[in-house]
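Peer 1: A single structure is presented below for examination.
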Amino acid sequence: RLRDAATPIVIVGHVDHGKSTLIGRLLHDTGSLQDGKLAQIVESSRKRGLAVEWSFLLDSLQIERDQGVTVDSTRIPFRMDGREFVIVDAPGHRQFLRNMITGAADAEAAVLVVDALEGAQEQTRRHAMLLRLIGISHVIVLMNKVDLLGYDQEKVAAAEASVRALLGQLEIPVDAVVPASAREGDNIAERSPNMPWYRGPTLTEALADVPAPSSRSNLAFRMPVQDVYRFDDVRFVAGRVERGQIKVGDTVVIGAHRTMARVAEIGAWHAPVQAAAIAGQSTALRLEPDVIPDRGDLLHTPDAPPLRAARIRTRLFWLRQEPLRVGESFTLRLATAEHQVTVASIDAVVDMDDLTERPAQEVPPEGIAEITLAASEAILFDPFSPGSSDGRGVLVDRLQRIVGGAPLIGPAELAPGERSIH
Ligand code: GDP
């Protein structure tokens with residue numbers, strides 16, 4: 001059986017509601033802490049005259065990160081029941097926004113941490129809205145600090161009802177609402193003896209129900225080309241299987257060229273030879289005939305090709321402090337591809353207060369909108385869908401700064417008088 005790739009999750013919520021504490025607790029209670037880490041936390045807590053302060057763990061990871069010790073800075077792995085997860089950590093609100101939007105956090109699930117005593121706050125609401133707009137398909141609410149409510153069933157139920165009302169209003173489906181104490185460890189990885197009345201899942205049980213990346217293996221195959229490596233006289237096409245799976249002997253289409261090739265070998269470069277590669281895995285393919293795709297090209301199956309369009313309707317999460325106007329040009333990054341695009345029209349702007357759409361001439365600073373992007377050549381893409389990397393475009397300016405998240409919705413109608421270039 002092929003090993004599954006780690007499931008990326010994000011932990012969001014209002015400041016001080018307990019995100020860092022939860023991360024420390026999760027790592028500890030799932031046995032994912034490196035040797036010596038716990039002792040280090042206990043010691044630094046003791047020095048400050050405190051009981052074990054779980055959030056110090058994150059601080060200590062943060063220090064390593066600043067010193068460049070941790071290789072992959074924003075990803076904290078943990079394991080449970082033989083399955084791997086990775087917490088995509090995005091310290092600070094702006095960084096969080098950017099990470100969420102760029103798909104650096106192509107998160108499968110989000111844990112929304114809410115202080116049960118304080119209830120939903122400003123950032124709870126904003127983060128929840130972002131989860132919806134970005135299309136995270138699994139949201140688990142952690143009602144944290146229920147120890148402060150004395151684990152009282154009625155008080156917890158009241159806190160839960162108000163958070164459910166908010167999320168219902170924002171039309172965010174919730175997988176589970178888990179009453180918990182990150183600090184005390186109640187209902188995180190172990191069922192709390194303090195809440196015998198609670199029948200729902202613990203946090204780790206709720207996470208175990210989130211589909212693994214390999215669940216996308218039964219969709220049509222897609223692999224954006226990252227690079228082509230040459231060894232003596234053989235070439236390997238490297239990339240991550242975003243969905244579907246590929247076996248030796250399968251036929252693939254090299255998107256931009258529309259040429260077909262057969263998979264002759266899989267993963268023979270710095271990794272053992274495999275018979276197949278599944279969604280979520282990074283791999284390398286040797287193709288016959290020995291065609292040479294470019295970085296950014298998309299490999300797909302002949303029977304279920306992606307869409308091809310030069311004008312694309314796009315949802316825009318605008319990050320710049322200045323407004324966006326029609327006619328501005330950017331680079332659209334889509335997986336490993338880069339396309340030059342121009343904003344052809346601004347079709348609607350989302351009112352952040354009530355999430356309604358209305359027409360507008362420009363996208364306000366940090367606004368959300370629907371726009372049409374025009375490219376000089378056809379772009380291969382799959383429409384954005386939650387919980388996948390499909391259509392997760394990012395707009396980049398000339399200075400290589402990320403200026404917006406741009407999930408692609410679908411091909412746009414041509415404007416009157418305009419001719420298709422294909
Ligand atoms: P963050 O800003 O969301 O990362 O919040 P922290 O994890 O730093 O927690 C903020 C404060 O809340 C810290 O003093 C924690 O010790 C405290 N805290 C976190 N979880 C709990 C909990 O379950 N119960 C109680 N009583 N305090 C908690």
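Peer 1: Looking only at segment 40-59, which residues are at pLDDT below 70 and either open to solvent by 40 Å² or more (accessible area, probe 1.4 Å) or more than 8 Å from the ligand (Cβ to nearest atom) (or both)?
Peer 2: Within segment 40-59, I41, V42, S45, G49, L50, A51, V52, E53, F56, L57, D59 qualify.
Peer 1: Right, something else. Right, E154: part of a helix (DSSP H, G or I) and crowded, with 16+ Cβ neighbours inside 10 Å or not?
Peer 2: No; evaluated as a whole, the condition is false for this residue.
Peer 1: Does segment 300-316 contain at least one residue that is at pLDDT 90 or above, hydroxyl-bearing (S, T, Y), over 21 Å from V228 (Cβ atoms) and surrounded by fewer than 17 Cβ atoms within 10 Å (Cβ to Cβ)?
Peer 2: No, segment 300-316 contains no residue that is at pLDDT 90 or above, hydroxyl-bearing (S, T, Y), over 21 Å from V228 (Cβ atoms) and surrounded by fewer than 17 Cβ atoms within 10 Å (Cβ to Cβ).
Peer 1: In segment 7-36, what count of residues is obtained for those that are farther than 26 Å from S214 by Cα, among the aliphatic types (A, V, I, L, M) and either under 19 Å from the mean Cα position of the chain (by Cα) or open to solvent by less than 20 Å² (accessible area, probe 1.4 Å) (or both)?
Peer 2: Quick first cut of segment 7-36, residues farther than 26 Å from S214 by Cα only: 13-22, 24-25, 28, 34-36.
From the residues that got through so far, the ones that are among the aliphatic types (A, V, I, L, M) too are 15, 22.
So of that shortlist, the ones also either under 19 Å from the mean Cα position of the chain (by Cα) or open to solvent by less than 20 Å² (accessible area, probe 1.4 Å) (or both) come out as 22.
Counting residues in segment 7-36 that are farther than 26 Å from S214 by Cα, among the aliphatic types (A, V, I, L, M) and either under 19 Å from the mean Cα position of the chain (by Cα) or open to solvent by less than 20 Å² (accessible area, probe 1.4 Å) (or both) gives 1.
Peer 1: What residue, of N194, N218, is more than 27 Å from A107 (Cα to Cα) and out of contact with any Leu (no Cβ under 9 Å at 6 or more places or on another chain)? Before you say what the answer is, go through the steps one by one.
Peer 2: Values: N218 fails: more than 27 Å from A107 (Cα to Cα).
The unique qualifying residue is N194.
Peer 1: Run R183 past the list (1) open to solvent by 10 Å² or more (accessible area, probe 1.4 Å); (2) part of a loop (DSSP other than H, G, I, E, B); (3) more than 10 Å from the ligand (Cβ to nearest atom) and report the number of the one that doesn't hold.
Peer 2: (3)
Peer 1: When you scan segment 204-274 for strands (runs of 3 or more DSSP E) that lie fully inside it, which ones turn up with 2 or more residues that are of a type in the set (A, V, I, L, M, F, W, C) and touching a Gly at 6+ places or on another chain (Cβ under 6 Å)?
Peer 2: Values: elements: 222-231, 234-240, 245-247, 251-254, 259-266.
The strands (runs of 3 or more DSSP E) meeting that bar are 222-231.
A quick yes/no check of all residues on (1) within 14 Å of the ligand (Cβ to nearest atom); (2) hydroxyl-bearing (S, T, Y); (3) crowded, with 19+ Cβ neighbours inside 10 Å; (4) closer than 22 Å to P8 by Cα:
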| residue | (1), (2), (3), (4) |
| --- | --- |
| L112 | yes, no, yes, yes |
| A120 | yes, no, yes, no |
| V139 | no, no, yes, yes |
| G150 | yes, no, no, no |
| V163 | no, no, yes, no |
| L166 | no, no, no, no |
| R191 | no, no, no, no |
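The values are calculated or read from the model by the stated rules, or taken from the named source; none is laboratory data. No experiment lies behind these values; they were computed from the predicted model shown. As a convention, Cβ positions derive from the backbone with ideal geometry for all residues, glycine included, and neighbour counts pool all protein chains shown. What goes into the accessible areas is simple: the full protein's heavy atoms, side chains included, and nothing from ligands, DNA or RNA. Shrake-Rupley method; radii C 1.70, N 1.55, O 1.52, S 1.80 Å.
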